[in-house]
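Taking it in order: structure first as structure tokens, then the write-up.
The values are calculated or read from the model by the stated rules, or taken from the named source; none is laboratory data. The model shown is predicted, which means the values in this text are computed figures rather than measured ones. Methodologically, a virtual Cβ is constructed for each residue, glycine included, from the backbone with ideal geometry; neighbour enumeration extends over all protein chains shown.
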Amino acid sequence: MSRDWTELPPPASINVSVVPVGVSWAYRALDARGRTIAGTLVGLSRAAVLETLYRQGLQPVEIVESRGLPNQQHAPIALPWLRRGAGQADARELLQLTQSLASLLAAGLMVDRALQSAQLLASRGPLESLINRLLGAVRSGATLAEAFLRSGQRLPPYFLSMIEAGELGGALPQALAHLAELQRQQLALRERVRAALIYPILLSAVLLATLVVLLTFVLPRFEILFAEAQSALPLATRIVLAAGRFVADDWWMLAIGVASAVSLLFVGLRTPTGRERVDRWLLQSRLTFGLPLTLNTARLLRTLGTLCQSGVPLPTALKVARGTLSNTHLVRAIQAVTGDVLAGEALSEALFRVKVFPPIAVQLARVGEETGRFEPLLLSAAAVLDEEAQWTLARILAIGVPLLTIVMGAMVAGLIGSVLIGLLSLNDLAI
């Protein structure tokens, strides 16, 4: 299948906009044969350019304003979901705004009036600032998708595509409702994982702090006592005293070693080969209990089902949903799946061919294709995988937290026991 870039001029017979003054837009799209088409169109808005491309039988992949937008000169149609920065609304605030807009637009309000009402409900801070920027852009003639793009807000990779699909299909309230549900489920999953990890992290920190205090402050005092006795100590006591002496006197060497190991790990993860090896190990190792594969697949299927439900074509939805994956091995697999789908193969067959994704994802996708309930069954598969991930995480914590407590407690008991053995040996000598 050819993937060559082909420069095509915009058809002269199609008017992108009735307004005489337009903006030049650079685009990439896929034709019916799966070839990538690149070119430029003139239109008043991104939505108008999208409509033109759809009428030409093309599937848009990326649209960028050629003249450049403030702070977004080369921004693609889907922006990466990055961590919150200065002046950025967080995930909860963005969810609040999406839910408010979905409800207000469903009630019959225009976009600018809905943004005004949402502004009254927003708390002061990044969210209010975001709504102000959106409102200014909409009042100047931009669509809601264009307003979000110009706002400078960091967005999930599926955000703009779903809004644009809703605007083109005349179903913006429904698209925003689907978008809000997708945001809510992903935020809930992330919060559940974080909440589950709080206790083991705190437990590890407390036990490690206990070990450091014992090695650096308690053991040196006993070492003075043992030195004054001038007697041979048991091996366990000598080992513990040596470890305490090293931590107390040469802690900087330990810190340098840990920092070097962490730095090498981060450097290795930044290289494509190192990241690929780690991601493949995460998927294949039994030590991870299949959790990375389950979580990534659930996120992929939920995004894919919601995008298709909002009217986004399947190949485009696959490209957008690929950006939600955190595992590079799965990203490569979805690239292969996208190519097979563009070649005319069913999604279930393409997923089966790569032999990476869980069987439930393949089976429910096949049933959905056969029964015409493709999107609902993709969302059902995502829900099942989410539940499976929660059960797996609960089992890991049910086993791991007591095991961690026993291991760390045994280490503390070993330190104290070695000191007591040394003290008992001194008493034996005195007797």
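What is the residue count in region 281-290 for residues that are surrounded by fewer than 16 Cβ atoms within 10 Å (Cβ to Cβ), in a helix (DSSP H, G or I) and touching a helix residue (DSSP H, G or I) at 6+ places or on another chain (Cβ under 6 Å)?
Selection size over region 281-290: 1.
Go through region 178-202 and give me each residue that's surrounded by fewer than 20 Cβ atoms within 10 Å (Cβ to Cβ) and within 17 Å of GLY311 (Cβ to Cβ).
Quick first cut of region 178-202, residues surrounded by fewer than 20 Cβ atoms within 10 Å (Cβ to Cβ) only: 181, 184-185, 187-202.
Passing the criteria: only GLU181.
For region 164-173, enumerate the residues that are surrounded by fewer than 21 Cβ atoms within 10 Å (Cβ to Cβ) and under 19 Å from GLN96 (Cβ atoms).
Answer for region 164-173, where residues must be surrounded by fewer than 21 Cβ atoms within 10 Å (Cβ to Cβ) and under 19 Å from GLN96 (Cβ atoms): just PRO173.
Of PRO156, PRO234, PRO173, PRO200, which residue is within 30 Å of GLU93 (Cβ to Cβ) and outside the structural domain of ALA118 (by TED's automatic domain parsing)? Don't jump to the end; show me each part of the working.
On the way: PRO156 fails: outside the structural domain of ALA118 (by TED's automatic domain parsing); PRO234 fails: within 30 Å of GLU93 (Cβ to Cβ); PRO173 fails: outside the structural domain of ALA118 (by TED's automatic domain parsing).
After applying the criteria, what remains is PRO200.
Under the condition of being surrounded by 12 or more Cβ atoms within 10 Å (Cβ to Cβ) and at pLDDT 75 or above, which residue from region 223-241 is nearest to the chain's Cα centre (by Cα)?
Checking each candidate, the answer is VAL240.
Can you list the helices (runs of 4 or more DSSP H) lying wholly within region 158-266 that have 1 or more residues being over 30 Å from LEU378 (Cα atoms) and among the aliphatic types (A, V, I, L, M)? First the steps, then the outcome.
Details: elements: 159-168, 172-213, 219-229, 235-249.
The qualifying helices (runs of 4 or more DSSP H) are 172-213, 219-229, 235-249.
So is LEU295 buried (at least 16 other Cβ atoms within 10 Å of the Cβ) and under 19 Å from the mean Cα position of the chain (by Cα) or not? Spell out the reasoning first.
Working: buried (at least 16 other Cβ atoms within 10 Å of the Cβ): yes; under 19 Å from the mean Cα position of the chain (by Cα): yes.
When the stated conditions are applied, LEU295 passes them.
Here is a yes/no grid of residues against (1) β-branched (Val, Ile, Thr); (2) in a loop (DSSP other than H, G, I, E, B):
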site	(1), (2)
LEU105	no, no
ALA114	no, no
SER117	no, no
ILE131	yes, no
LEU134	no, no
ALA137	no, no
ALA142	no, yes
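On the given criteria, is ALA398 at pLDDT below 90 and farther than 15 Å from ASN296 by Cβ? Can you show your working first?
On the way: at pLDDT below 90: yes; farther than 15 Å from ASN296 by Cβ: yes.
Here the answer is yes, as ALA398 does meet what is asked.
Filter region 174-223 for residues that are of a type in the set (S, T, N, Q) and touching a residue at least 60 places away in the same chain (Cβ under 8 Å) and give the result.
Listed by number, the residues that qualify are GLN174, GLN183, GLN185, GLN186, SER204, THR210.
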